[in-house]
Amino acid sequence: MSMAEEKVSTGIDGLDEMLGGGLPKGHIAVVMGAFGTGKTTFALQFVNRGLSEGENCIFISLEEDTESVLNSAQMFGWDLRKHFDENRLGLYKLEPADARSTIMRIKSELPGFIREFGASRVVLDSVSLLNMMFDKEQERRSTLFNLCQLLRTTNCTTLLTAEVNDDNQRRSRYGLVEYTVDGVILLQYDEKEGDSEGKLNLRVLKMRRSAHSRRIKPYTIGKNGISVHAGAEMF
Ligand SMILES: Nc1ncnc2c1ncn2[C@@H]1O[C@H](COP(=O)(O)OP(=O)(O)OP(=O)(O)O)[C@@H](O)[C@H]1O
Ligand SMILES: [Mg+2]
């Protein structure tokens, strides 16, 4: 089987179905959504699946500190702490204020580090906070492009999270990452008039070299994390 055909389970069953088994191995995908749509939960679920399949994983957070990441996972019943203690989960907090200089400094060492750690899954939560640290559009673009190029040399499957643009919920805040990465999964609130409760729905906007569903599927965040109700139709 060629690498492009090999699939990596996201840990979200209904979504794996939509993707024909999962994310293509070695892909860089972004989970995009407004605040509170479950981007961090998605990323934790992805890492938890990897760990439970015996893979080593790296989770880089620009938002929450390591203790809070471990606690969030625990809330969903995912014992990431155990894997962290066993050194199978590399968990790093980047202070947004230092993120720019840190990324510039460690960028070239990143592939070697990932290989040495033996990670096959990498998460960066969130790429929007990283982008925010660059004033110039050109610098933002080249850093992101460069980072993705480096990640592609590692063969690991990468998941980025990104905030959406307030004026266009189908676009990321800086409008860059969706062009740079191989796959885009959009998490959205669906607020219909007359609904007392906003519903959440998910769609796969892009997945290079892969046949995937373009349907909009509802999902919920419950005590076991994200569940996509793949059988249900939104419209
Ligand atoms: N243990 C839980 N059980 C059920 N639902 C939960 C649980 N924990 C979080 N949620 C729901 O998930 C939502 C947030 O999820 P998450 O932090 O993954 O979103 P996010 O997209 O990363 O948000 P942000 O953009 O603020 O980082 C919460 O607002 C809450 O509605
Ligand atoms: Mg988050």
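Let me spell out the model: positive unit charges on the Cβ of Lys and Arg, negative unit charges on the Cβ of Asp and Glu, origin at the Cα centre of the chain. What dipole size does that give, in debye rounded to 20? Don't skip to the end; give the middle numbers.
Working: 30 positive and 33 negative charges, 149 e Å.
That gives a dipole near 720 debye.
A simple spin-label model places the labels of Lys136 and Ser108 1.9 nm from each other, with each point 7 Å out along Cα-to-Cβ. Here the label points at Arg170 and Thr66, each 7 Å from Cα along the C-beta direction, are separated by 4.1 nm in the simple model. Between Glu95 and Glu116, the simple label model (points 7 Å from Cα in the Cβ direction) yields a spacing of 2.3 nm.
Projecting the Cα atoms of Gln138, Gln45, Met104 onto the charge dipole of the chain (Cβ charges, centred on the Cα centre) puts Gln138 farthest toward the positive pole. Across the range 3-228, C-alpha contacts under 8 Å between residues 6 or more apart give a mean separation that, scaled by the residue count, equals a relative contact order of 28 percent.
222 nm [θ] for the chain, helices only, -39500 (n - 2.57) per DSSP H run of 4+, per residue, to 500?
On the way: 9 runs with 81 residues, N = 235.
Computed ellipticity for the chain at 222 nm equals -9500 deg cm²/dmol.
All alpha carbon pair distances within the range 89-138 were sorted into 5 Å bins beginning at 0; the resulting P(r) in whole percents reads 4, 17, 27, 27, 16, 7, 3.
Helices meeting the span-like rule in the chain (full DSSP H runs, Cα extent of at least 18 Å along the helix axis, mean Kyte-Doolittle score of -0.5 or higher): 39-52. Cross-link reach is defined here as a Cα-Cα straight distance under 30 Å, omitting same-chain residues fewer than 8 places apart; for Lys192 the lysines meeting it are Lys39, Lys206, Lys217, Lys223. Divided by 2.2 N^0.38 Å, where N counts the residues, the Cα radius of gyration of the chain comes to 0.96.
No lab work stands behind these numbers, since they all come straight from the coordinates. If you're wondering where the values come from, they're calculated on a predicted model, not measured in any experiment. Counting neighbours? That spans all protein chains shown, and the Cβs are built from the backbone with ideal geometry, glycine included.
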